[in-house]
Amino acid sequence: MVLILLDACRWDYIDPETTPFLWKQAETGRHYRRVIPSPGFCERTEILTGKSPAESGFFTAVGHNPKQSPYSGLKPMLSALHQLEKLFPPPLWPKVLRRILHQFMRRRRHGFGPYYIPLTLLHRFSLTEDHYDYSDPRALPSPSLLSIVEEHGFRTYYDSFTALGMFNTNSDEERLQLALTAADCSTTKLFLVYHSAPDFFGHQFGPQHAEMR
């Protein structure tokens, strides 16, 4: 069974001209046209547990949690970078600084990029739903789809998925190939595959633009 979940994609965007592959799957499979969205931003938790933000405790992807922040021991460095950021005009220098921080965080446990959070406040924030790797039992409220698969003696493949703390740079095609290669394992029954193209082009062009075809 293949379950395709489309984030921020209204059901009537699926048509034979713009999205022929998805349209065919909708016609031959079961198409849930009007899924009621939640007010939160932690879609992976909702998908894998079926819980709302009020039930899971995950509302925003980054939350106020100084104790878990990967930046908690970097206050002097962040303060110095903040001063540098003020000395040089935007937009180039702030982007360079944040890119350096992003690369530095790749080597730290529970790391995440600085986004647009003020540098002097970064030590107060941490990831929420992505704080733990999905292979860690603490990652999601139980029961979850992952825990159910494990209870039945099977495994889940994660490397083709996405999370804010994963820092993987694989393309859509590479992620799909990873999952197809892993499918040779008879004990792996659940494959999580992230495909970025619909979301990326939808934001860039809009649903009615010719480039969406």
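When each of D136, D199 is tested for being at pLDDT below 95, within 17 Å of the chain's Cα centre (by Cα), of a type in the set (D, E, K, R) and more than 26 Å from R10 (Cα to Cα), the lone residue that passes is D136. Exactly one residue out of S52, S56, S69 is free of Cβ contacts under 8 Å to residues at least 60 places away in the same chain, touching a helix residue (DSSP H, G or I) at 6+ places or on another chain (Cβ under 8 Å) and surrounded by 18 or more Cβ atoms within 10 Å (Cβ to Cβ), and it is S69.
Scanning segment 117-135 for residues that are hydrophobic (A, V, I, L, M, F, W, C) and outside any helix (DSSP H, G or I) yields a total of 3.
Let's see how each residue does on (1) within 22 Å of D7 (Cα to Cα); (2) hydrophobic (A, V, I, L, M, F, W, C); (3) free of Cβ contacts under 8 Å to residues at least 24 places away in the same chain:
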{"position": "L119", "(1), (2), (3)": "no, yes, no"}
{"position": "H131", "(1), (2), (3)": "yes, no, no"}
{"position": "E151", "(1), (2), (3)": "no, no, yes"}
{"position": "Y157", "(1), (2), (3)": "yes, no, no"}
{"position": "E174", "(1), (2), (3)": "yes, no, yes"}
{"position": "L192", "(1), (2), (3)": "yes, yes, no"}
{"position": "D199", "(1), (2), (3)": "yes, no, no"}
{"position": "E211", "(1), (2), (3)": "yes, no, yes"}
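Residues are listed down the side, and each one gets a yes or a no for (1) farther than 30 Å from P66 by Cβ; (2) surrounded by 15 or more Cβ atoms within 10 Å (Cβ to Cβ); (3) modelled with pLDDT of 90 or more; (4) among the acidic types (D, E):
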site: P90; (1), (2), (3), (4): no, no, no, no
site: R107; (1), (2), (3), (4): no, no, no, no
site: Y132; (1), (2), (3), (4): no, yes, yes, no
site: P143; (1), (2), (3), (4): yes, no, yes, no
site: N170; (1), (2), (3), (4): yes, yes, no, no
site: E174; (1), (2), (3), (4): yes, no, yes, yes
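Among the residues of segment 176-190, just one is within 21 Å of L140 (Cβ to Cβ) and free of Cβ contacts under 8 Å to residues at least 24 places away in the same chain, namely A179. Applying the criterion of at least 3 residues that are among the aliphatic types (A, V, I, L, M) to the helices (runs of 4 or more DSSP H) found wholly in segment 1-116 leaves 75-87, 92-105.
Of all residues in segment 27-49, those satisfying the criterion of being more than 12 Å from D7 (Cα to Cα) and either of a type in the set (A, V, I, L, M) or in contact (Cβ under 8 Å) with a residue 60 or more places away in the chain (or both) are T45, L48, T49. Return yes or no: is S126 under 19 Å from the mean Cα position of the chain (by Cα), within 21 Å of G40 (Cα to Cα) and polar (S, T, N, Q)? The answer is yes for S126.
In the set (1) surrounded by fewer than 13 Cβ atoms within 10 Å (Cβ to Cβ); (2) in contact with a Gly (Cβ under 7 Å, 6 or more places away or on another chain), the condition left unmet by K24 is number (2).
The values are calculated or read from the model by the stated rules, or taken from the named source; none is laboratory data. Keep in mind that this is a model prediction, so the values were computed, not measured. Counting neighbours? That spans all protein chains shown, and the Cβs are built from the backbone with ideal geometry, glycine included.
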